[in-house]
Structure formats: C-alpha cells, structure tokens
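The structure appears right after this line, and notes come after that.
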Amino acid sequence: MTTLLAAFVLGTPDPPALADFYRTLLGWDEVEREPDWVRLRPPERERPGLSFQLEKDHRPPSWPSGPGEQQMQAHLDIQVDDLAAETERACALGATVEEHQPQDDVRVLRDPHGHLFCLFLPGA
C-alpha cells in the first residue's frame with residue numbers, strides 16, 4: 001500500500017482571501033478557485049498542497065489554550081532562513097505575532113483568519 005499526504009485543509013469564512021495570504025507568503029501556485037474552495041500547491045510539484053474550504057462558523061483557537069476554550073487542533077510549520085525578516089513580511093501580509101512565544105528560534109503567528117502557524121529556523 002502506498003500513501004501520500006496530499007493536502008492540508010484550513011476552514012475559513014473566506015477561502016479566496018485566506019488563500020491569497022498563503023499564496024503570497026509561501027510563493028505557491030493557485031490551481032483551483034471557487035467561492036467555497038481554493039487549492040494551492042508548490043511550484044515544483046503537485047502535492048502536498050494547501051487548500052481552503054468555506055466554514056461559515058469558523059472560530060479561531062486560543063493560544064495557549066485554557067480549559068473550555070477552542071484548542072488548536074493543528075498548525076502549519078514554515079521553515080525560513082531569516083526569522084526576523086520573514087516575521088515582518090508575514091505581518092505586512094496581515095499576520096499577527098502572538099504574545100506567547102515558546103522558543104527563541106520559532107515565531108508563533110496568526111494568519112488573517114486566526115489560524116496559528118509557526119515560522120522557524122533550520123534546526124529548530
């Protein structure tokens with residue numbers, strides 16, 4: 001049996017807008033766009049991709065989460081070669097830096113719709 005992680009899907013109230021954020025952040029290609037669904041992929045290969053689906057009642061997680069709060073179920077880890085510059089660039093695109101930062105060589109941010117993602121340096 002052969003398996004391949006084909007895509008990671010984020011629920012969002014506005015799939016095209018969130019896809020535009022990640023397309024620019026990652027430098028990926030858009031391969032499909034509908035009002036309720038957008039799919040991105042790296043320029044040099046088809047999979048794995050990153051997709052965005054309509055979730056009208058999307059509620060961002062708490063970070064760090066407390067009892068009874070929406071917990072983070074998953075997040076994206078994005079390797080960068082310059083943590084300060086890429087954090088600044090992500091913020092210029094609409095991300096926000098979280099107050100709680102667990103490591104010096106990792107930055108926890110939120111995308112414009114509240115999903116958590118981390119920028120990290122090689123070796124972190």
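What follows draws every value from the coordinates through simple rules; no lab data is involved. All figures in this text were calculated on a predicted structure; none of them were measured in a lab. When we count neighbours, we look across all protein chains shown, and the Cβ atoms used for this are built from the backbone with ideal geometry, even at glycine.
Here are the numbers for this structure:
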| item | result |
| --- | --- |
| Helix-only CD estimate at 222 nm, as mean residue ellipticity for the chain, using -39500 (n - 2.57) per DSSP H run (n ≥ 4) | -5500 deg cm²/dmol |
| Top positive-direction residue, dipole computed over the chain with Cβ charges, set Val31, Pro64, Leu119 | Val31 |
| Gly11 long-range amide H proximity, modeled H, under 5 Å | Gln53 |
| Net lengthening on full extension, Arg59/Glu46 (0.36 nm per residue, minus Cα-Cα) | 1.7 nm |
| Hz values of 3J(HN,Hα) by residue in the range 95-112 - Karplus curve (6.51, -1.76, 1.60), Gly and Pro given as x | 6, 10, 8, 6, 5, 7, 10, x, 9, 6, 9, 9, 10, 8, 10, 10, 6, x |
| For the range 46-124: relative contact order, % (alpha-carbon pairs under 8 angstrom, 6 or more apart) | 30 percent |
| FRET E, pair His100, Ala6, Förster distance 25 Å, beta-carbon r, rounded to 0.05 | 0.20 |
| Taking all pairs of distinct alpha-carbon atoms in the range 53-124, Kirkwood radius in angstrom | 12.9 Å |
| 5 angstrom amide H check on Asp29, placed H, neighbours 5+ away | Arg41 |
